[in-house]
Amino acid sequence: MTKHTIAPKRWWYIIPIIFITYSLAYLDRANFSFASAAGINEDLGITKGMSSLLGALFFLGYFFFQIPGAVYAERRSVKKLVFWCLILWGLCASLTGVVSNIPMLAAIRFTLGVVEAAVMPAMLIYISNWFTKSERSRANTFLILGNPVTVLWMSVVSGYLINAFGWREMFIIEGLPAVLWAVCWWFLVQDKPSQASWLSEEEKAALQEQLRKEQEGIKAVRNYREAFKSRNVIILCMQYFAWSIGVYGFVLWLPSILRNGTEMGMVEAGWLSAVPYLAATIAMIVVSWASDRMQNRKLFVWPLLLIGALAFLGSWLVGSSNFWLSYSLLVIAGAAMYAPYGPFFAIIPEMLPRNVAGGAMALINSMGALGSFVGSWIVGYLNGATGSPAASYIFMGVALLVAVFLTLIVKPAENKRSPSPGRTARHA
């Protein structure tokens, strides 16, 4: 049981840092949805088709720079990389509030994607350096909780900021915290446990030994090329692409979908947009705990994505005739789509050795970014072209069904040593 009790202070020290960092990243990418619902299109003369492309441009920049960022984080320093990313994305986010034309907005959205690209894989690498296999799903979840928790409070705060000042001031105000947090990050973070002054020598040695033992059981992979060609990595790339279509179509366009469904102001839309993320937060914590307890990752991914798909399709079937039932199904869909993140990102470090796991997670996350680009663009386009969110619900629901199928065909981890009796194939 030692591995469960090594340096419990890690949770209190590291988790708040990674949570705040990813929260700020998510704040500065998702608040565009509120500007879209609050008048940025009319102020800059943006058509509905162009609006969906601008919302999606972030993910195009995000897609291209995932792997270079992960390689730097894996081989050099997570601390230095994230420090500069925090400063740059905070400045880009605030600059969005002073744009005066479409090309300027497009350039800033793309650049924001570039400078945020390294954050997710870098933070997953950071977690794998500090937390053991039996802890990783929960640690990943506390990182990714920065996503729904941020949208939860951002939905309310952004609604009030826009109502009180306007969309420009919202961008400027919400971009500044990332720059301020960069200073805190620099003084608080160490790349490896061996560098931490707040751990005893005994705690450092115990943690390093446990992490080393876990690597012994994983089949060796020589390089990134070999890792990227593996069957499971390819399937997980396709799975995360399809999954992200649903997630980011939902995140970027929920406020607009709600305002289309019934007459409401930005404050009301903000409060209603927050509810799915509250449900998602609770679901993510419960699911990650159960996944670490049972050490079965797939079992906590595909059933939830199936629930999300069915909820989207159910919301489409209900239609605008019953707004509150349709909205309740969207809450279920949002919670079900977010809940599996912790177990999902625990799969790769359990399948691949440390020398390639970070790059593989970056590749998978980059395909998720491409799915996010496709999802946010097409959902925005469908909403504008049809004047109704119905087609969007079908599109996102079908994408999640594809993700369910792909999750089911991922094979269990192939280890160097034979698994213990009774534990065969439980770790995928």
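The values are calculated or read from the model by the stated rules, or taken from the named source; none is laboratory data. Worth saying up front: this structure is predicted, and the values here are computed from it rather than measured. Neighbour counts run over all protein chains shown; Cβ positions are idealised from the backbone, glycine included. Accessible surface is based on the protein model in full, side chains and every heavy atom, while ligands, DNA and RNA are left aside. Shrake-Rupley method; radii C 1.70, N 1.55, O 1.52, S 1.80 Å.
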Subject >> Separation in nanometres of the label points that stand 7 Å from Cα toward Cβ, at Asn223 and Trp271 >> reply: 5.9 nm
Subject >> Positive-end extreme of charge dipole, the chain - chosen from Ala30, Leu161, Ala220 (charges on Cβ) >> reply: Ala220
Original post:
When ranked by the protection proxy of mean other Cβ atoms within 10 Å per residue, highest first, what sequence do the peptides 374-386, 356-368, 227-239 form?
Top reply: 356-368, 374-386, 227-239
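If r is the Cβ-Cβ distance from Lys48 to Phe165 and R0 is 30 Å, what FRET efficiency results, to the nearest 0.05? Provide the component values of the computation, followed by the final result.
Values: r = 25 Å, r/R0 = 0.84.
Taking R0 as 30 Å, the efficiency between Lys48 and Phe165 is 0.75.
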Original post:
Could you give the accessible area per residue of the stretch 1-159, probe 1.4 Å, as a whole number in Å²?
Top reply: 33 Å²
Original post:
What distance in nm separates the simple spin-label points at Ile102 and Ile409, each placed 7 Å from Cα in the Cβ direction?
Top reply: 4.0 nm
**OP:** Given the options Leu330, Leu57, Leu408, state which has the largest fluctuation in a GNM of the chain using a 10 Å cut-off (strictly under) for Cα springs.
**Re:** Leu408
Subject >> Within a Gaussian network of the chain (alpha carbon springs, distance under 10 Å), most fluctuating of Ser52, Ser194, Ser77 >> reply: Ser194
Subject >> Per-selection Rg to Rh, the stretch 1-132 - Cα, Kirkwood hydrodynamic radius >> reply: 1.08
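What FRET efficiency do you get for Ser321 and Trp84 if R0 is 51 Å and r is their Cβ-Cβ distance, rounded to the nearest 0.05? Show your work: numbers first, answer last.
On the way: r = 51 Å, r/R0 = 1.00.
Once rounded, the FRET efficiency stands at 0.50.
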**OP:** List the residues whose amide H sits under 5 Å from the amide H of Ile218, counting only those 5 or more places along or on another chain, with H placed 1.01 Å from N in the peptide plane.
**Re:** Lys416
Subject >> Heavy-atom surface of the stretch 329-403, accessible at 1.4 Å and reported per residue (Å²) >> reply: 23 Å²
**OP:** Compute the normalised compactness of the stretch 311-372: alpha-carbon radius of gyration over 2.2 N^0.38 Å, N being the residue count.
**Re:** 1.61
Original post:
Does the stretch 113-250 classify as rounded, prolate or oblate by the C-alpha gyration tensor (a ≥ b ≥ c root eigenvalues; a/c under 1.5 gives rounded; else a/b over b/c gives prolate, otherwise oblate)?
Top reply: oblate
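Report, in order of residue number, the helices in the chain meeting two criteria: a C-alpha extent of 18 Å or more along the helix axis, and a mean Kyte-Doolittle hydropathy of at least -0.5; treat each whole DSSP H run as one helix. Each step should come with its number before you reach the end.
Working: long enough: 9-30 (32 Å, 0.51); 48-64 (25 Å, 1.30); 78-95 (25 Å, 1.71); 102-116 (21 Å, 1.51); 146-164 (25 Å, 0.98); 167-188 (33 Å, 1.15); 201-216 (23 Å, -2.04); 231-261 (43 Å, 0.95); 266-294 (42 Å, 1.04); 302-318 (24 Å, 1.94); 323-338 (23 Å, 1.54); 354-386 (48 Å, 0.77); 390-408 (28 Å, 2.31).
Those that clear 18 Å and a mean of -0.5 are 9-30, 48-64, 78-95, 102-116, 146-164, 167-188, 231-261, 266-294, 302-318, 323-338, 354-386, 390-408.
Using a/c under 1.5 as the rounded threshold, could you call the stretch 150-214 rounded, prolate or oblate? The axes a ≥ b ≥ c are square roots of the C-alpha gyration tensor eigenvalues, and prolate needs a/b larger than b/c, oblate otherwise.
Details: a/c = 5.19, a/b = 2.99, b/c = 1.73.
In terms of gyration-tensor shape, prolate.
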Subject >> Label-point gap, in nm, between Asn355 and Ile282 - each point 7 angstrom along Cα→Cβ >> reply: 4.7 nm
Subject >> In range of the label at Arg293: residues from the stretch 121-158 whose backbone nitrogen is under 19 Å from the point 7 Å along Cα→Cβ >> reply: 133-142
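Ignoring ligands, DNA and RNA, what percent of the accessible area of the stretch 80-218 is carbon or sulfur (1.4 Å)?
On the way: 3570 of 5150 Å².
Taking all protein chains in place, the stretch 80-218 shows 69 percent carbon and sulfur surface.
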Original post:
Heavy-atom accessible area per residue, the stretch 163-208, 1.4 Å probe: how many Å²?
Top reply: 54 Å²
**OP:** With a/c under 1.5 counting as rounded, go ahead and sort the stretch 65-157 into rounded, prolate or oblate using the C-alpha gyration tensor (a ≥ b ≥ c being the square roots of the eigenvalues; past the cut-off, prolate if a/b is larger than b/c, else oblate).
**Re:** oblate
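Which of Lys79/Lys229; Lys79/Lys411; Lys79/Lys133; Lys229/Lys298; Lys192/Lys411; Lys9/Lys133 have a Cα-Cα distance over 24 Å?
Values: Lys79/Lys229 29 Å; Lys79/Lys411 34 Å; Lys79/Lys133 22 Å; Lys229/Lys298 21 Å; Lys192/Lys411 31 Å; Lys9/Lys133 17 Å.
Correct reply: Lys79/Lys229; Lys79/Lys411; Lys192/Lys411.
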